[in-house]
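Before any comments, here is the structure.
The values are calculated or read from the model by the stated rules, or taken from the named source; none is laboratory data. In this text, all values refer to a predicted model and were calculated from it rather than measured experimentally. Glycine gets a Cβ as well: all are built from the backbone with ideal geometry, and neighbour counts include every protein chain shown. Note: areas computed on protein heavy atoms with side chains; ligands, DNA, RNA excluded. Shrake-Rupley method; radii C 1.70, N 1.55, O 1.52, S 1.80 Å.
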Amino acid sequence: MSRATNVLDGWLGNPAPRAADTDRVRALRHAGSAWAGLRTLVAGVGTSGFAAADALLEAGAEVVVVDAGTGQAQRERASLLEVLGAEVLLGPEHVQAPPRPWGSFDLVVTSPGWRPDAPLLTGAALAGVPVWGEVELGWRMRPDPASGALVAPWLTLTGTNGKTTTVELTAEVLRAAGLRATSAGNVGTPLVEALRHPHGFEVLAVELSSYQLHWLSTDTQASLRPLASAVLNVAPDHLDWHGSMDAYARAKGRVYENTEVACVYNAADPRTEELVREADVVEGARAIGFARQAPRVGMLGLVEDVLADRAFVEQRRTSAAELCSLADLRPDGSDAPVPPHAVDNVLAAAALARAFGVPQVAVRDGVRAFTPAPHRVQTVAEHAGVRWVDDSKATNAHAAEASLRAYEGVVWVAGGLAKGARFDDLVAATAGRLRAAVLIGTDRALLREALARHAPDVPVVEVDLAQTGAVPTPTSTAQERDAHAGALMDAVVERAAALARPGDTVLLAPACASMDQFTDYGHRGDAFAAAVRRRSGREG
């Protein structure tokens, strides 16, 4: 008899299910805990939900998975989980209420994107059923220290912008020190998957989104306990999900809770230091700042063109350790400016890695070896004296401002879904750098209005799908969406080229999400780069 049949028979044969076993859930501290038979409901069958369900099934738990989607990706994952023994229910009718009375479940594990006000999750809370995210599950599934297995410390990082780049850079520095290390979490690899790697890791660099931090357990004695933690920056984002800026910042601040060695903050962003002050940390944990200026004692910073450490050196009151130079941040040897936020990213990554004990030379070697992911301030062409830069990952105003500040004479390509944001502060802060603006997307009017208020002399051109004849529909195929995206970006590039002068930079830094016109920010960036190459090729 299959495991799936056993699970189903067990529930159907119990018309009066016992209440959720919260004491048992609290006792789940490591992989050797009593996971077998734990009655779990997993909300979502995306990357995180699938990984969570798979790990729970392997541990012997009884698993039911629900997801509103019925697309091919959901059906494929559902089929795999059913083979492994889960019951999977797809469709919007399955996410409003539990498939059985709440007394049939001991634990809910939610995918990070599920909002706190989702009926299924509010129902679980009212019924007294604990709700965890996949990150909490991963922490509770680490190896049992008593087993002699390697238990990798976590170096955790969050922030509004720069998270992925910085956590991947941290992992690169750790590897440069000869350590078995990887990045995991919001960066793409679920933590429960990284923990089950056959060879294991000595340390994990963990990216955490505000969603993931929100779903950490309130049982702080058993929850996440990072060796070192960092908040890169905090600026308005995802306010539609969190409800307010204060709630968003509180979620970010949870990364510091229970930190053992170092809480890393951005000295140029007072809110990050405030979050450190508000956190309950392990006695002896230090607050370590970073800034693009000469570092004070207990900080990392910039001395002329050298990144220096006065936090993790014995004689830090009288000396500093040289970590790397600004030239090391340009591994291709180009003369492109080093964006200020790139310096922040390196300083934060260095602080996390140095908290773990890596030597200073590992920072330099890791920085030199590091290749940023695509669509992050990536020069895609230089033609007729104009530089074309893809920063499609700049999906909010804070990220776009950091990108704009790296250049003078910018033809700015922006727009998309604003996610409840406004752009007055962004435009006011960067108006002097703007040559022109080319606006796209559903919420481009918000950008147009901000430009009219704060940069009235800057020429503004709008491009929409109707002008290009490329209007996608909900039933468009991937090939059709690519054609739509290509036609739109061809029009954008033509208008930007007409506005740019030699020495200018055409910068795609949209300050908005992409899903109104593209599959994701990568699709948007790819379409931009391809359109630039097509135009450059035509002009020779």
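Numbers at a glance
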| item | result |
| --- | --- |
| When the convex hull of its Cα atoms is projected in every direction, mean area for region 371-458 (nm²) | 5.9 |
| Calculated FRET efficiency for the pair residue 424/residue 117, C-beta based, R₀ 25 Å, to 0.05 | 0.30 |
| Antiparallel content of DSSP bridges confined to the chain, in %, to 5 | 20 |
| Convex hull volume per residue in cubic angstrom - Cα atoms of region 396-535 | 99 |
| Whole-percent pair-distance distribution, where bins are 20 Å wide, for the alpha carbons of the chain | 21, 50, 27, 2 |
| More than 14 angstrom apart: percent of Cα pairs within region 49-106 | 53 |
| Local electrostatic count, residue 158, Cβ distance below 11 Å [Lys/Arg +1, Asp/Glu -1] | +2 |
| Net charge, residue 262 excluded, C-beta distance under 10 Å - Lys, Arg +1, Asp, Glu -1 | +1 |
| With DNA, RNA and ligands ignored, accessible area of residue 117 (1.4 Å probe; Å², nearest 10) | 90 |
| Formal net charge of residues neighbouring residue 300 (Cβ-Cβ distance under 13 Å; K, R +1; D, E -1) | +3 |
| Helix 3-12 vs. the chain, principal-axis angle (Cα, 0 to 90°, nearest 10) | 70 |
| Region 410-447-region 285-361 distance, computed between alpha-carbon centres (Å) | 32 |
| Equivalent ellipsoid, region 175-247 (semi-axes from 5 times Cα gyration tensor eigenvalues, Å) | 27, 15, 12 |
| Antiparallel DSSP beta bridges within region 317-444, percent to nearest 5 | 50 |
| Stokes-Einstein translational diffusion, region 300-340 - Kirkwood Rh over all Cα pairs, 1.306 mPa s, 10 °C, in µm²/s | 141 |
| Carbon + sulfur, % of accessible area of the chain - ligands and nucleic acids excluded, 1.4 Å | 50 |
| Cα-based equivalent ellipsoid, region 185-333: semi-axes from gyration tensor eigenvalues, Å | 28, 20, 18 |
| Region 76-175: Rg to Rh, with Rh as the Kirkwood radius over Cα pairs | 1.05 |
| Accessible area per residue, Å², the chain with all protein chains present, probe 1.4 Å | 41 |
| Surface accessible to a 1.4 Å probe, residue 423 within the full protein complex, Å² | 0 |
| Alpha carbon centroid spacing (whole Å) that separates region 477-510 from region 107-161 | 40 |
| Surface accessible to a 1.4 Å probe, residue 211 within the full protein complex, Å² | 50 |
| Residue-span extension gain [residue 147 to residue 453] - 0.36 nm each, minus C-alpha spacing | 103.8 nm |
| All-pairs Cα distance distribution in region 277-397, expressed in whole percent, bin size 5 Å | 2, 10, 19, 20, 16, 14, 10, 5, 3, 1, 0, 0 |
| Antiparallel content of DSSP bridges confined to region 382-536, in %, to 5 | 15 |
